[in-house]
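Asker: I am attaching a structure below and will ask some questions about it afterwards.
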Amino acid sequence: MIQENIDITQRHTFGIATQARAWGDYDSIEELREMLRYAQANDLAYMPIGEGSNLLFVRNYEGLLLHSTMTSINSIARGENEILVQAGSGWIWDEFVAHCVAQGWYGLENLSYIPGTVGASAVQNVGAYGVEACDIIESVTVLDTHTLEEHIIKATECGYGYRTSHFKKDWKGKYIVTAVTFRLSTTPQYTLDYGNLCQMVGDTPSLQSVRDAVIAIRRSKLPEPCELGSAGSFFVNPVIAREHYNKLLEQHPNMPCFEVDEQHVKVPAAWLIDHLEWKGKSLGGAMVYEKQPLVIVNTGNAKPGHVVQLAQDIAFSVFENFGIIITPEVNYIY
Ligand code: EPU
C-alpha cells in the first residue's frame, strides 16, 4: 500500500522536481488508520495530499504523503428543495462539480474547474465568482489522527473565513478530512454578480451554461495545470483598513476594492502586482503569469528557490509601494 522513495514531480500542480520518502493511496478509513499507525510507529512525518494544487515543496518531503482515493457519493433529500450530498475526500473536485451539475443540483457550478479534491475544498475553503465552499458545506467528516476515531463536524464549527478554516490553523495535523457533505438546491438558484458572469450566461441561465461560462473565464485567465505548472493564486487578497485604502486612493484613484465591513476593504493583489508591472517577469524558471499576475508559473525548470525568491521580491515591492503586506495562499511544505 505504501510506495517508498518516489518521484512526486507530477503529483503536485507546480510540477517542480521533488521526491517523497513515502506515498500511500488509501481507499477506506481502515486503510487510512493503518497508514497512520505505520507512520506513528516509525516516527515518520505525514501529511494529507489531494491533487497537490496549493502546495510548494520547498525541498524533498521526508515523510509519508497520504492520498485519498475514496470516491463514495450518497445523497438524501431534505425538505422540498434541498439535497444533502456526501462525497468522499478523493473525488477530483471538478468531476464532483460536473456530477452535481448533471444531476440538476444547484450550488457548486460557480466553483467549476478549480483544481484539487473534495477533501481539500473543505480545508482551504475554495472560492470563485462570488461563491465559497463554506456557503454550501453542511458538515465535514474527519478522522482524528491521534484517537483514529471518526467525527462529523458541522460547517458552523469549522472556523471558515476567506480561504481559511480551523483545519488550516488550530486543527492542523489533528484531523484528516474523509468526506464532505454539501447542501445543494434542487430548484434554480444562481449567483451571477461577479464580473461579467451575468452577461456571459444571458437572460436564461442554466446550470450547464453557468458552468461553461466559469470554465471559459478560468481558461482565459489561469494556466492549465497540465500545460504550465502553478498553484493557482499565489497570494491571498489582502484585507486592509478603509482609512489606509482611502489614503491610497488619493494617489491611485483606480485602485479597486471589495467591501469587507465598515472598517475594512479587500484589495485585489492582482491589481497591486499588475500596477507594479510584474507581469511576465521571471527569476530562473519561475515567472509571473502574463494573464493573471497573482499566479506564479513554472516555465519548465523552476527550482523551489526561484519561486520563493520571486514571491518575496513581489511581496517586498508591494509593501514598499503601498504599505500592504501580501501573504502566500500557497502552503510551503518543508
Ligand atoms: N486584476 C488586474 N490585472 C490582472 C488581473 C486582475 O488588475 O491582470 C485586478 C482587476 O481589478 C480584477 C481584480 O484584480 O477585477 C480581481 O481579479 P480576478 O477576478 O481574476 O480575481 P482575483 O481576486 O485575482 C480570486 C481568487 C481566484 C478566483 C477569482 C475569481 C484569491 C486569492 N483568488 O482571484 O482563485 O478564481 O478570484 O473569483 O482569492 C485560487 O485561489 O487559486 C484562485 C484562482
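The values are calculated or read from the model by the stated rules, or taken from the named source; none is laboratory data. The model shown is predicted, which means the values in this text are computed figures rather than measured ones. A quick note on method: Cβ atoms are made from the backbone with ideal geometry, for glycine too, and the neighbour counts reach across all protein chains shown. Calculation scope for accessible area: heavy atoms of the full protein, side chains included, ligands and nucleic acids excluded. Shrake-Rupley method; radii C 1.70, N 1.55, O 1.52, S 1.80 Å.
Asker: Can you sort Ile314, Ile152, Ile92 by 1.4 Å-probe accessible area, starting with the largest?
Answerer: On the way: Ile314 0, Ile152 125, Ile92 55 Å².
The ordering from most to least exposed comes out as Ile152, Ile92, Ile314.
Asker: With Cβ to Cβ distances under 10 Å as the rule, what net charge do the other residues near Val142 carry (K, R +1; D, E -1)?
Answerer: Details: positive: Lys174; negative: Asp144, Glu149, Glu150.
Within the 10 Å Cβ shell, the charges total -2.
Asker: Check which residues have an amide H placed less than 5 Å from Thr18's amide H, if you skip close sequence neighbours.
Answerer: Under 5 Å from the amide H of Thr18: Ile8, Thr9.
Asker: What is the diffusion coefficient of the range 73-220 in µm²/s, taking the Kirkwood radius over Cα pairs and the Stokes-Einstein relation at 20 °C with a viscosity of 1.002 mPa s? Before the final figure, lay out the partial values.
Answerer: Numbers: Rh = 15.6 Å.
Rounded, D is 137 µm²/s.
Asker: Hey, in the GNM for the chain with a 10 angstrom Cα cutoff, which one of Ala179, Ala98, Ala120 fluctuates hardest?
Answerer: Highest fluctuation of the listed residues: Ala98.
Asker: Moving on. Just from its helices, what would the mean residue ellipticity at 222 nm be for the chain, if runs of 4 or more DSSP H residues each count -39500 (n - 2.57) and the sum is divided by every residue, rounded to the nearest 500 deg cm²/dmol?
Answerer: Values: 8 runs with 87 residues, N = 334.
Calculated from helices alone, the mean residue ellipticity at 222 nm is -8000 deg cm²/dmol.
Asker: Which order do you get for Ser112, Ser28 if you rank them by accessible area with a 1.4 Å probe, largest at the top? All intermediate terms of the calculation are to be shown ahead of the outcome.
Answerer: Numbers: Ser112 0, Ser28 40 Å².
From most accessible down to least: Ser28, Ser112.
Asker: Of Met255, Met47, Met200, Met1, which has the most accessible area and how do the rest follow, probe 1.4 Å? If you can, show how the numbers build up before the last one.
Answerer: Working: Met255 5, Met47 30, Met200 90, Met1 120 Å².
Order by accessible area, largest first: Met1, Met200, Met47, Met255.
Asker: Counting Lys and Arg as +1 and Asp and Glu as -1, what is the net charge of the other residues whose Cβ lies under 12 Å from the Cβ of Thr187?
Answerer: Details: positive: none; negative: Glu80, Glu82.
Taking every other residue near Thr187 into account, the sum is -2.
Asker: What share of the DSSP beta bridges in the range 36-126 is antiparallel, in percent to the nearest 5? Write down the numbers at each step before the final one.
Answerer: Details: 7 of 12 bridges.
Expressed as a percentage, antiparallel bridges in the range 36-126 total about 60.
Asker: Still on this structure, I have one more. Can you pull the accessible area of Phe322 for me, 1.4 Å probe, Å² to the nearest 10?
Answerer: About 10 Å², rounded to the nearest 10.
Asker: Loop only by DSSP, 11 or fewer other Cβ within 10 Å of the Cβ. Give me the GluC sites (Glu not before Pro) in the range 50-108 that pass, ordered by residue number. Write out the running numbers ahead of the final one.
Answerer: Numbers: sites: Glu51, Glu62, Glu80, Glu82, Glu95; in loops: Glu51, Glu80.
Passing sites in the range 50-108 are Glu80.
Asker: With a 1.4 Å probe and all protein chains left in place, how much of the accessible area of the range 73-220 comes from carbon and sulfur atoms, in whole percent? Provide the component values of the computation, followed by the final result.
Answerer: Working: 3190 of 6540 Å².
On the range 73-220, the fraction of accessible area on carbon and sulfur atoms equals 49 percent.
Asker: Here is a follow-up. What percent antiparallel are the DSSP beta bridges of the chain, to the nearest 5?
Answerer: On the way: 49 of 63 bridges.
Counting only bridges with both partners in the chain, antiparallel ones make up about 80 percent.
Asker: How big is the accessible area of Thr13 in square angstrom, nearest 10, if you roll a 1.4 angstrom probe over the protein chains?
Answerer: Ignoring ligands and nucleic acids, Thr13 comes out at about 30 Å².
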